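Only one structure is covered here, and it is reproduced in the block below.
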Amino acid sequence: MKTVTVDLGARSYPIHIATGLLAGAAEYLAPLARGRMMAIVTDRNCVVHLATLQAALTTAGVTSEAIVLPPGEGTKSWASLATLTDRLLDLGIERGDHVVALGGGVIGDLVGFATAILKRGCGFVQIPTTLLAQVDSSVGGKTAINTPAGKNLVGAFHQPRLVLIDPQVLDTLPPREVRAGYAEVVKYGLIDDADFFDWCEAHGPALLAGDPDARTYAITHAVAAKARIVAADEHETNGTRALLNLGHTFGHALEAETGFSQALIHGEGVAAGCALAFAYSAAKALCPQADADRVAAHWRACGLPDGLAAAGITASGTTLVDHMRHDKKMAAGTLPFLLARGIGRTYLDKTVDLADVAAFLDRQPRPDAR
Ligand code: GLY
């Protein structure tokens, strides 16, 4: 068992990581249930994990009620939020109760937001079932739903009370989802930990092939990095937490261009986005070209897109930059970019000229030029 603490004073919480932890979750959940029923919110893709969790709770004498929502990004909506909060109120959830979010980022974000506003705030526990949720969205208390104006535009900071991560649940995840989540793992190395990027180059393929030790090591390392960053800048006000957006501005433009569809899922957009952030940094002579080449080579070795061509993007630089202009980080006409001085040396640059980014993107190979 590995344990990482998110250090936020009175709101500090542990993240436990262990293979098989789902079946042993009652040890950690029973004290939070305090003899009352626990509500578990999940989606239809997680019914196997739900059965494991409910059986464990029953054995420990904890009753539970499951709320099973449709899978997919569409569930992060006002309508689902209303349905879920009504259901939780029907179940008699009180402020002192802890609602369990069992699923990927959609379930975690929705349950986190619902519990932030239910009775002006009740407790919740994250049990993430995708690699992306395990290493990013389940930790740090960002919760949100999507609206017609964009993704994650309505939400709240609401920290979970506990995070339980069982790397074994990844065995049932489609390999493409594991690869996409892995992009967010590597991101921590690219941000400020060159040694961890070296580890990823050596062990990433084993992790993707299912090696349990590699998975546990990488998840623990990633979660510890995220915990440090969140503790330093919980509400993203001093620039530290913004580092987690490496690859997200370029990536968001590619995701928007592909309609946030299965053509390019979020982690793939982040991978291509990190490659572009490094390529742009190298083009501006901020970062050695060799470092940008290493990033792209690692994505290729792991079956992740290393730029516009591999992401299937044919759009012009101007079109892509127009998507960036709608980014919620745009402030007073300027878009802050995460650029790099090298691997593990990411920094926030507020002086980037969007026309220059468009020209750079126009110079990148397109699918038909490969
Ligand atoms: N996923 C970025 C953050 O938690 O700040």
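The values are calculated or read from the model by the stated rules, or taken from the named source; none is laboratory data. What you see is a predicted model, and the numbers here were worked out from it, not measured in a lab. For neighbour counting, all protein chains shown are included, and Cβ atoms are generated from backbone atoms with ideal geometry for every residue, glycine included. Surface accessibility is based on the protein's heavy atoms, side chains included, excluding ligands, DNA and RNA. Shrake-Rupley method; radii C 1.70, N 1.55, O 1.52, S 1.80 Å.
Given the convex hull over the Cα atoms of the stretch 284-370, what projected area results after averaging over all orientations, in nm²? The partial results should precede the final answer.
Details: hull surface 25.0 nm².
For the stretch 284-370, the mean projected area of the Cα convex hull comes to 6.2 nm².
Run the reach check for Lys328 against lysines, Cα to Cα strictly under 30 Å, same-chain hits fewer than 8 apart removed. What comes back?
Output for Lys328: Lys76, Lys119, Lys142, Lys151, Lys187, Lys226, Lys284, Lys350.
Using the Cα centre of the stretch 269-370 as origin and beta-carbon charges of +1 (Lys, Arg) and -1 (Asp, Glu), tell me which of Thr346, Ala285, Pro305 is placed farthest towards the positive end of the dipole.
Of the listed residues, the answer is Thr346.
Counting other Cβ atoms within 10 Å, which trypsin sites (Lys or Arg not before Pro) in the stretch 1-83 have at most 13 and lie in a DSSP loop?
In loop regions of the stretch 1-83 (DSSP not H, G, I, E or B), the sparsely surrounded trypsin sites (Lys or Arg not before Pro) are Arg34.
Once you have the Cα-Cα distance between Thr83 and Thr237, take 0.36 nm times their residue separation minus that, and quote the gain in nm to one decimal. It would help to have the intermediate numbers written out before the result.
Details: separation 154, 0.36 × 154 = 55.44 nm, distance 3.25 nm.
Net length gain for the segment: 52.2 nm.
Just grab the label-to-label distance for Ala30 and Thr63, each label 7 Å out from Cα along the Cβ direction, in nm (one decimal).
Placing both labels 7 Å beyond Cα along the Cβ direction yields 1.8 nm.
Given the -39500 (n - 2.57) contribution per DSSP H run of 4+ residues, what per-residue ellipticity at 222 nm results for the chain, rounded to the nearest 500 deg cm²/dmol? Kindly include the intermediate steps, with their values, before the conclusion.
Working: 12 runs with 162 residues, N = 370.
Calculated from helices alone, the mean residue ellipticity at 222 nm is -14000 deg cm²/dmol.
Which ³J(HN,Hα) values, rounded to whole Hz and listed in residue order, are derived for the stretch 313-319 from phi using the Karplus coefficients 6.51, -1.76 and 1.60 in 6.51 cos²θ - 1.76 cosθ + 1.60 with θ = phi - 60°, glycine and proline given as x?
With coefficients 6.51, -1.76 and 1.60, one gets 9, 9, 4, 6, x, 5, 4 Hz.
What percent does the relative contact order of the stretch 171-313 come to when contacts are Cα pairs within less than 8 Å and at least six residues apart?
Numbers: 162 pairs, mean separation 34.6, N = 143.
Relative contact order of the stretch 171-313: 24 percent.
For the charge dipole of the chain, defined by +1 on Lys and Arg C-beta atoms and -1 on Asp and Glu C-beta atoms about the Cα centroid, which residue among Cys274, Thr129, Thr5 has the Cα displaced farthest towards the positive pole?
Thr5
Given Cα pairs under 8 Å that are at least 6 residues apart, what percent is the relative contact order of the chain? Walk me through the intermediate numbers first.
On the way: 708 pairs, mean separation 51.9, N = 370.
Dividing the mean separation by the residue count of the chain yields 14 percent.
Viscosity 0.890 mPa s, temperature 25 °C: give me the Stokes-Einstein translational D for the stretch 202-350 in µm²/s, with Rh taken as the Kirkwood radius over C-alpha pairs. Numbers along the way, then the final one.
Working: Rh = 16.2 Å.
Rounded to a whole number, D works out at 151 µm²/s.
What is the dipole size for the chain, taken about its Cα centre, with +1 at each Lys and Arg Cβ and -1 at each Asp and Glu Cβ, in debye to the nearest 20?
580 debye
What do you get when you divide the Cα radius of gyration of the chain by 2.2 N^0.38 Å, with N the number of residues?
0.97
Given labels modelled 7 Å from the Cα in the Cβ direction, how far is it in nm from Thr351 to Ala51?
About 6.0 nm separates the two model spin labels.
In degrees from 0 to 90, rounded to the nearest 10, what is the angle of the helix 105-117 Cα long axis to the longest principal axis of the chain?
Taking the Cα atoms of the chain, the angle to 105-117 is about 60 degrees.
Per-residue HN-Hα couplings for the stretch 153-159, Karplus 6.51 cos²θ - 1.76 cosθ + 1.60 at θ = phi - 60°, whole Hz, x for Gly and Pro?
Values per residue, Gly and Pro as x: 8, 10, x, 8, 7, 8, 7 Hz.
Pick out, from Val106, Ala82, Ala66, the residue whose Cα sits farthest towards the positive end of the charge dipole of the stretch 44-117, with +1 on the Cβ of Lys and Arg and -1 on the Cβ of Asp and Glu.
Positive-end residue among those listed: Val106.
Could you sort Thr334, Thr63 by accessible area so the largest value comes first, with the probe set to 1.4 Å?
Details: Thr334 50, Thr63 90 Å².
Most to least solvent-accessible, the answer reads Thr63, Thr334.
With both bridge residues required to lie in the chain, what share of the DSSP beta bridges run antiparallel, to the nearest 5%?
On the way: 15 of 34 bridges.
Roughly 45 percent of the beta bridges in the chain run antiparallel, per DSSP.
Mean separation of Cα pairs under 8 Å and 6+ residues apart, divided by the residue count of the stretch 137-176: what relative contact order is that in percent?
Relative contact order for the stretch 137-176 comes out at 32 percent.
Sort Ser281, Ser316 by accessible area with a 1.4 Å probe, largest first. Before the final figure, lay out each step's value.
Values: Ser281 0, Ser316 50 Å².
Result, largest first: Ser316, Ser281.
Give me the Kirkwood hydrodynamic radius of the stretch 113-239, using the inverse of the mean 1/r over all pairs of distinct Cα atoms, in Å to one decimal.
Numbers: mean 1/r = 0.0640 Å⁻¹.
About 15.6 Å for the stretch 113-239.
Given the C-alpha centroids of the stretch 210-252 and the stretch 175-209, what is the distance between them in whole angstrom?
One Cα centre to the other: 12 Å.
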